Structure formats: structure tokens, C-alpha cells
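Q: Sending over a structure as C-alpha cells; questions will come in a sec.
The values are calculated or read from the model by the stated rules, or taken from the named source; none is laboratory data. Values in this document were obtained by computation on a predicted structure and should not be read as measured data. Heads up, the Cβs are rebuilt from the backbone with ideal geometry, glycines too, and the neighbour counts pull from every protein chain shown. Quick note on the areas: whole protein, heavy atoms, side chains included, nothing else; ligands and nucleic acids left out. Shrake-Rupley method; radii C 1.70, N 1.55, O 1.52, S 1.80 Å.
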Amino acid sequence: MAGCGGGSTETETQVETKADFIALGDVICKNHRSRTEDLESQTVDLGRLESKKKANQVADLLRRQADNLAAEAKELGALRPPSADERAVASILAILRARADVIGQWARAYDNHDAAEIRSVQARIAVATAKARNAAGAYGFAVCGQG
């Protein structure tokens, strides 16, 4: 996939300043944003969802996006922010993980071909996305939380 770059790390990296933490975090988020854009493009390419097969394909793409967001949170979590920022960053990571969980629920709704649940979860995703954008933006991220 184009734009992939970076990978999960099992070790933590201590970051000395908030500015450095934000810069490293935004690089991680930019890589994952690239993956998100690729998945969104694939979804658009499917066209109208006129069959269960297409709905299942969307579900698969949504699961991949949920995995992508979970990996993003994991990679961000491997960066240790300055100690004064640990609470704020933990909150942002929790919001990102919650957003990944909601997208996973959306995939299940597509798997079940449940139009009412698809719409319901879609509304929850809008809320989760806004929370992620607001929390990350308030901390100072330019990319994280924006996708």
C-alpha cells in the first residue's frame, strides 16, 4: 500500500519535550492517515452497495480501518510523553481506541446487513471522530485525531 511506512514497536521511547512528542506523533498519524485514505478510496471504488457481497466487502474494509486506528494508538502509546502530559495523552489514546472499537461495531453492522444499526453506529462514529479531533487538536497535534 502506498504511504505505509513505520511499524509498531514494542519498546517505549521517552520524548523530552511536548513539541518533540507532537512532531513524532504527527508522523505516526500521517502514516496511518495515508492508510485510511487508501481504505476510503477502496470503499468509494465499490460504488453503490447493491448486494450483500458489497456490504461484506465494506465490512472488511472497516475492520481494516479499525485495526489501522488501533495500531496508530499502539504506536503513539509507545512514545512516552513528558511526564506533565501523560494524563492528556492517555485520554487522547483512549479516545482513539474507542473510535477504533466503534468502527469495528460498524463493520459488524455491515456484516449483519442491519441498515438501522449501520445508521446508528455511523452517528456514534461522527461523535467519536469529533471527540478525537477536539482532544488531539487541543493538545497541539496537527494530524493526529484528524482522520
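Q: Residues with beta-carbon under 13 Å from that of A132, excluding A132: net charge, scoring Lys, Arg +1 and Asp, Glu -1? If you can, show how the numbers build up before the last one.
A: Working: positive: R33, R97, R99, R124, K131, R133; negative: E72, D101.
Result for the local shell: +4.
Q: Let me ask something else. What are the residues whose amide H is under 5 Å from the amide H of R80, where those residues sit 5 or more places off or on another chain and H is modelled from the backbone?
A: Amide H neighbours of R80, under 5 Å, 5+ apart: T13, Q14, V15.
Q: Between rounded, prolate and oblate, where does region 1-143 land on the alpha carbon gyration tensor, with a ≥ b ≥ c its root eigenvalues, rounded for a/c under 1.5, else prolate if a/b exceeds b/c?
A: It comes out prolate by the Cα gyration axes.
Q: Hey, another quick one. So which lysines pass the test for K30, namely a Cα distance under 26 Å, with those fewer than 8 places away in the same chain ruled out?
A: K18, K74, K131
Q: Summarise the accessible area of the chain (1.4 Å probe, protein heavy atoms) by the percent that is carbon and sulfur.
A: 52 percent
Q: Now a separate question. Just need the relative contact order of region 55-146 here, percent rounded to a whole number, with Cα pairs under 8 Å and 6+ apart.
A: Values: 89 pairs, mean separation 29.1, N = 92.
The value is 32 percent.
Q: While we're on this one: Relative to the present Cα-Cα distance, how much length would full extension add between T17 and A123 at 0.36 nm per residue of separation?
A: Details: separation 106, 0.36 × 106 = 38.16 nm, distance 3.63 nm.
So the extension gain works out to 34.5 nm.
Q: Excluding residues on the same chain fewer than 8 positions from K54, give the aspartates and glutamates whose Cα lies under 13 Å from its Cα.
A: D45, D111
Q: Kindly provide the helix-only [θ] at 222 nm of the chain, computed as the sum of -39,500 (n - 2.57) over DSSP H runs of four or more divided by all residues, to the nearest 500 deg cm²/dmol?
A: On the way: 4 runs with 106 residues, N = 147.
That comes out to -25500 deg cm²/dmol.
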